[in-house]
């Protein structure tokens, strides 16, 4: 992008052109959590399939289908199918056998309960994954700051996510320097553990030193000044309908809780 | 020029240490001058920077005795946040000075002025101005985490300069940089000098100190042992006893004096050395051997 255009982009609000992506981050979080909890409360595999299809449609609409599919399938296979597997193993012969393999009987009740649980998990994970794919952390912290959360808390949250990557790079650098000194770092699990253990203390020390310098650098950038901070990058204020949208999903959640308590679902 | 920072009999121990890192330090820094601080390792240079910057006593506790006056007021009476704005700070590691939360250099340069609550359009103009001054316009769209050491250091300077601090403390800014990066940093220091900022610069590259600084402070074992004009201090043979770095040109001047071929004065820069040797009659120097 041309520098002039790039600088001009800061003069207005930061938008993507997609109304769903441009919803206020807190509205999106509200909807994601409400949807997730509804799915958990219903706890039915048929309902779960329907909502998951909706999640995929939303992911396609916001052009995040590839990323969503990857994360969702990882959650489904690792958590969801594992839950089904545990159910099948722990089944006490309830229900009718629908499949048998080497004496291991899969019953319809076990399968149903397993998939109910699987979709319980991915039904909650789905909207959360979608939320994080459509909402950069910096947007969420910006929205929280606008609601009165301190800039310090925002910074701590943001930098914590980045620090995980930085620590990973530091570990990699230390491992490379170990390798150059002839220490074996590749190989089976035990060789790797043996190589990793000695780097824990230099890694911890470098993290402490890094934190100290980072604190000083942020202090040099007026971090401790108490005047209200302004922002170069601003999100557009919430539209009026967003409040009603959030309320709608909250009411849906409350309604689901009531129905659950009444034993209807 | 008024005395802006003054240290009177300052002694300081970091927490849990027995040996003072600063011992009866007396020195002063005037407005609008560039000061070079030199000395051997562990002579107290960084501690002096931390003190002037207010990190001692606000960040590092320990025992502080004596008076540290900044604009007439003791450092302990200053508001920590106010001091952080008044006195800018750039230090060794270019990578830890990047906030890590901004996606572009443009936003990174503006982080300090965001924290000061500057209105947006004013911020944008300020950032443009500073980027132009430091010649980092081609970097504004880049991710700060993908920059080289020299580029990071320039961006760090930019974010401090944008805050318009009156005094800037710079602690070994080139120690992790290559010669190209070093040249960039000293170009920035020259710009700050032309803008009449007060600069307190700790450096081991004494040939560059000789070129850019108005005064030099020499430290040894936690004490200020010499302070004076750059030429007066760097040409002095007392630097040998303190283990402080000495400009190449000055070493040459002292060696020539020892060899009985004294120059008009001890040079401190290569250009000065060439001029003095020519004046003395360059051929004659070599012929008598």
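Values quoted throughout were computed directly from the atomic coordinates according to the rules given, and no laboratory measurement underlies them. Bear in mind the structure is a predicted one, so any value in this text is a computation, not a measurement. Positions of Cβ are backbone-derived with ideal geometry, glycine not excepted, and every protein chain shown enters the neighbour counts.
Sorting A:40, B:219 on the 10 Å Cβ count, fewest up front, what's the list?
A:40, B:219
Give, in nm to one decimal, the length gained when the segment between residue A:264 and residue A:211 is fully stretched (0.36 nm per residue of separation minus the Cα-Cα distance).
Roughly 13.7 nm would be gained on extension.
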Discussion item. Compute a Gaussian network model of chain B, connecting alpha carbons closer than 10 Å, and tell me which residue from B:154, B:278, B:265 fluctuates the most.
Written reply: B:278
Response to the item:
A chain fully extended from residue B:166 to residue B:77 at 0.36 nm per residue, minus the present Cα-Cα distance, gains in nm 30.2 nm
Discussion item. Give me B:191, B:51 sorted ascending by neighbouring Cβ count inside 10 Å, so fewest comes first.
Written reply: B:191, B:51
Discussion item. Normalised radius of gyration for segment A:152-234, please: alpha carbon Rg relative to 2.2 N^0.38 Å, two decimal places.
Written reply: 1.51
Fill in: Rounded FRET efficiency, nearest 0.05, which uses the C-beta distance separating residue A:18 from residue B:26 and R0 of 56 Å
0.30
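Just round it to a whole percent: the fraction of Cα-Cα distances in the protein assembly as shown exceeding 46 Å.
Roughly 35 percent, once rounded to a whole number.
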Worksheet item: What's the angle, to the nearest 10 degrees (0 to 90), between helix B:248-258's Cα axis and the longest principal axis of chain B?
Response: 20
Worksheet entry | Alpha-carbon gyration tensor eigenvalues x 5, square-rooted, for segment A:202-265, Å | 46, 24, 9
Response to the item:
Quick note, segment B:14-55: a/c under 1.5 would make it rounded; otherwise a/b > b/c is prolate and the rest oblate (a ≥ b ≥ c, C-alpha gyration tensor); here it is prolate
Item to complete: Identify the residues of segment A:44-67 with backbone N under 20 Å of a label point that sits 7 angstrom from the Cα of residue A:257 along the Cα-to-Cβ direction, or state none.
Response: A:44
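Over segment B:1-141, what lengths in whole Å, largest first, do the semi-axes of the equivalent ellipsoid take, defined as the square roots of 5 times the eigenvalues of the alpha-carbon gyration tensor? Please list the in-between numbers first.
Working: eigenvalues 210, 58, 47 Å².
Computed over segment B:1-141, the values are 32, 17, 15 Å.
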Worksheet item: For segment A:40-196, what does the alpha-carbon gyration tensor say about shape, rounded, prolate or oblate, given a ≥ b ≥ c as the root eigenvalues, a/c under 1.5 as rounded, and a/b over b/c as prolate?
Response: oblate
Discussion item. As a test of understanding, state the convex hull volume per residue of segment B:175-253 from its alpha carbons, in Å³.
Written reply: 105
Practice prompt. Please state, as a whole number in µm²/s, the translational diffusion coefficient that the Stokes-Einstein equation yields for chain B at 37 °C and 0.692 mPa s, with Rh defined as the Kirkwood radius across alpha carbon pairs.
Written response: 162
Item to complete: Could you line up B:132, A:233 from fewest to most neighbouring Cβ atoms inside 10 Å?
Response: B:132, A:233
Worksheet entry | Potential extension, residue A:100-residue A:160 segment - 0.36 nm per residue separation minus Cα distance | 16.7 nm
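Quick check on chain B: helices-only [θ] at 222 nm, where DSSP H runs of length 4 and up contribute -39,500 (n - 2.57) each and the sum goes over total residues. Nearest 500, please.
Working: 14 runs with 118 residues, N = 289.
Value at 222 nm, helices only: -11000 deg cm²/dmol.
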Practice prompt. Please report the base-10 log of the normalised intensity I(q)/I(0) for segment B:89-172, using a Debye sum with one equal scatterer per alpha carbon and no solvent, at each q in 0.23 (1/Å).
Written response: -1.13
Practice prompt. Largest first and in whole Å, give the semi-axes of segment A:130-182's equivalent ellipsoid, each being the square root of 5 times a Cα gyration tensor eigenvalue.
Written response: 35, 13, 4
Item to complete: Mind running the shape call on chain A? Use the C-alpha gyration tensor, a ≥ b ≥ c as the square roots of the eigenvalues: rounded below 1.5 for a/c, prolate if a/b tops b/c, oblate otherwise.
Response: oblate
Practice prompt. Would you mind computing, in nm to one decimal, how far apart the modelled labels at residue B:221 and residue A:192 are, each placed 7 Å from Cα along Cα→Cβ?
Written response: 5.4
Discussion item. Just the number: Rg to Rh for segment A:1-79, Cα atoms, Kirkwood Rh, two decimals.
Written reply: 1.11
Discussion item. Give me the one-decimal nm value for the distance between modelled label points at residue B:257 and residue A:200, 7 Å along each residue's Cα-to-Cβ direction.
Written reply: 5.9
Worksheet item: Which distance in nm do the two modelled labels at residue A:74 and residue A:146 give, with both placed 7 Å along the Cα-to-Cβ direction?
Response: 3.0
